[in-house]
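Trainee: My questions will all concern the structure given below.
Quick note: the coordinates plus some simple rules give every number you see, no bench work behind them. Just so it is clear, the structure is predicted and the values come from calculations on it, not from any experiment. Cβ sites come from the backbone with ideal geometry, for glycine too, and all protein chains shown count toward neighbours.
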């Protein structure tokens, strides 16, 4: 049966004049205590000591005493208290749960995060008399109903559906849990338990063993009221409610034998930490009391916390500032911008064709920024001819969120000087280079015009001083002030080149959708080939690839070389290019890759092999010092240390040009005709989005150009920031799409596989081999390398070179950086590196060790701890693509405890990306160490299978970390564990709520109140549920 809510009009104004109002009006307001009470509780409340004390304080603080009949026991006088708020001048926003007024909706949202409000909110949820709708920071408009759990306005006709959604149920349960915890932490019936903020051991430093475990914390139980006879019935330590795991790291013992509590003889409990595992340890101490007079039981809980690790390291890794999500800022539109002047240090280029602008459609921008948007994805798809605008617009939005405000711009000769101290901070985004642009607008100016400044020079020790030029005809000056708001501008040239390629008139069916008639291969005798690298000629799979490329006749369908990790893919690319160049000196070859790192590697191998007539073409925006010094003599760098483009006549003389896919688009604008290249190679093709891969193909190929793709579709894929763009297909590479079509009988795609694996120990590659490559890989690693760390002390199983160390840390963020870090995991990484480098028997160099983490913030924190090992590379998965190390340590970071309020898979972030997992675990040659939270990682089916492989089959689970809490023999299905763990968390939450609140319903006055004062949580940032 539905409960009748209280009348909001009566609650906010003290009276209701609406005829026919069916809501409840039997509510009483106690002004001194700031509480609204139902009539059945009123008599007991006003005779209470707390009320009398607060009433006396109010009376003494006013010049005119408070009317005595307000506190009279007569019903008529007591009823007048319900109407005092009509003329009291209180603000208009009132928290119905707590019975207090707040300044505004922002203050209310901050107040919602306080312990007091959560306790009151829980009472609303479990007590029928208090069921009512709470105010919101976003008041609903007509036709909408506000959902207080989700803090979202829902269309009235969709409210019933919304309440059944899993997200709403999770958030409601999380709110109930917060409230129940707040209630359970309250002192009751005259019993006071110390440590109201929890029992915190602080940082337990494992480097000081003499101190460890010798200082238990004391929890006192005192009686402050003689009215009831109460005894401590039982106490127990429980895992944190709603979190994974069933073990606790604390023990509790009672001092003495008596459990009766009186004023003169309080009880004491001793809490000890029993675990020495590095990481965060959290549990709940639940105290159950028995009241003889009321023959009832009630519960008081205290949170137990400890952080085990190095106190010095934890101090080093503290957040630089509390995390705050930057406000949404809309990028400046082009119609309100005055253009700037390009740097004079750039070499002038003669373009035969200009690159169009390809601006994002207004409908797309509206869909991203309009809070009340009605534009649907389906509508946009009809108006947008390509998918690329989505991703470029999201990147523009990301840059807009990093805008600077109120910055000083100093004129100096023809330049303007801007200092950006934030550049000194590690991980500053965006990375600014000469030629990048910024937009400037006078701070607090009514003028809506923005002026474009172009970076001409970057100086200073930390490269934080920027010299900019503005167009003299734009009217820009500092005459009206030197303070400006600044926005960074996305370099859209790669996106424009992708648009240019996609819209190109050249659309060859054989390259985009090949069929069996496009397979045009001639026979090549392998005996006639003289291989530049003998080992390739001795490897059947690599030899077959080289022969297949050489047998391609002009106008053949694409050839895909599926190069799995450690199979010598790049060496095969270089050998093939050398064979083509050697066979015909008139042939022209374009070798591309999505990244400069991959392109540099190809150029280095070609140069080392003695290849002549080779050009490494780089964009203006790349800094010259980033390129390996060995490649400078095959690149074009002007006197200002800036890369330059040669004239078309000079370009035609080079037999081999190596560049990125994006830079290859400039060849058409420089005047190089389509069909100039007989062969176009795209290395790491699995990482290139289809529009990016089309830049060299659709701008430089003709009907006779052959295209060869090298890569692995099961390793890193295209990086796409826009969820919409990914959903529309931008996350699938050209190579992956062709391979999916290649299994059809009518497909003309030619696929060759490299199967002999030369990198890793058999046990390291065994799991990826089964999961991704159908056990087709054949381990051929050199035992002198792959078996070099067996039988070492660092291994759990002396014959198994994989170690998993389970740890419960904490996901943290700092300042305005959305990237996560985990201090406990960073300390463990340092511990393992220290152990490895300290073992002189291993004879390890820093270059033998690599550290991988999917989060940039974690990489920066680990780097802070590696002052003694500056040459150990620390990077994300992309930084290690195509590379290898003898030892790889992976820090997974995510260790969220809020399993109820957030979707578990989303909490894993891109740790649960299959391709990134594959790329990370296949970098190690002889030893792989993974550090992470097993209870969180095991939510993902792939990670759970991998953890089962380590734990059950080969015994690589570190006994020093968290233990497994599932059956490693059980079959792993896709969704089962996500649902199972969530339901387990929900059940524990529901049980806790019922256990701690059921005894309070019949005795609503056993809770001590706080006088209705606004707590310090008013200054906290507002609580919000963020699923993104």
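Trainee: Which ordering of 450, 260 is given by a fewest-first count of other beta-carbon atoms within 10 Å?
Mentor: Listing 450, 260 from fewest to most nearby Cβ atoms yields 260, 450.
Trainee: With labels modelled as points extended 7 Å from the Cα through the Cβ direction, what inter-label distance (nm, one decimal) is found for residue 414 paired with residue 463?
Mentor: 2.5
Trainee: Still on this model: Please report the base-10 log of the normalised intensity I(q)/I(0) for region 762-972, using a Debye sum with one equal scatterer per alpha carbon and no solvent, at each q in 0.10 (1/Å).
Mentor: -0.40
Trainee: Can you give the extra length, in nm with one decimal, that the chain gains between residue 272 and residue 144 once fully stretched, where that is 0.36 nm per residue apart less the Cα-Cα distance?
Mentor: Result: 40.9 nm gained on full extension.
Trainee: Now, a different point. Report, to one decimal in Å, the Kirkwood hydrodynamic radius for region 397-524 based on all distinct Cα pairs.
Mentor: 17.8
Trainee: Compute the FRET efficiency between residue 513 and residue 945 as 1/(1 + (r/R0)^6), taking r as their Cβ-Cβ distance and R0 = 25 Å, and round to the nearest 0.05.
Mentor: 0.10
Trainee: Considering the alpha-carbon set of region 573-727 alone, what are its Rg and its Dmax in angstrom?
Mentor: Every Cα atom of region 573-727 included, Rg and Dmax give 15.2, 47 Å.
Trainee: Give the order of 597, 159 when sorted by the count of other beta carbons within 10 angstrom, beginning with the fewest.
Mentor: In increasing order of surrounding Cβ atoms, one gets 159, 597.
Trainee: Could you please tell me the mean projected area of the C-alpha convex hull for region 268-326, averaged over all directions and given in square nanometres to one decimal?
Mentor: 7.9
Trainee: Grab the eigenvalues of the alpha-carbon gyration tensor for region 455-572, scale each by 5, take roots, and send me the semi-axes largest first in whole angstrom.
Mentor: After scaling each eigenvalue by five and taking roots: 53, 23, 12 Å.
Trainee: If r is the Cβ-Cβ distance from residue 236 to residue 197 and R0 is 25 Å, what FRET efficiency results, to the nearest 0.05?
Mentor: Calculated transfer efficiency: 0.75.
Trainee: Taking 7 Å along the Cα-to-C-beta vector as the label spot, tell me the residue 835-residue 404 distance in nanometres, rounded to one decimal.
Mentor: 4.5
Trainee: What is the spin-label model distance, in nm, from residue 553 to residue 784 if the labels are put 7 Å beyond Cα along the C-beta direction?
Mentor: Result: 4.7 nm between the two label points.
Trainee: Continuing with this model, one more query. Over what distance in Å are the Cα centres of region 457-475 and region 850-875 separated?
Mentor: 32
Trainee: Shifting gears a bit: For residue 744 and residue 582, what does the FRET efficiency come to when R0 = 35 Å and r is the distance between their Cβ atoms, rounded to the nearest 0.05?
Mentor: Calculated value: 0.45.
Trainee: Full-extension gain between residue 626 and residue 845, please, as 0.36 nm times their residue separation minus the C-alpha to C-alpha distance.
Mentor: 76.5 nm
Trainee: Over the C-alpha atoms of region 191-309, what are the Rg and the largest Cα-to-Cα span, Dmax, in Å?
Mentor: Answer for region 191-309, Rg first and Dmax second: 15.6, 51 Å.
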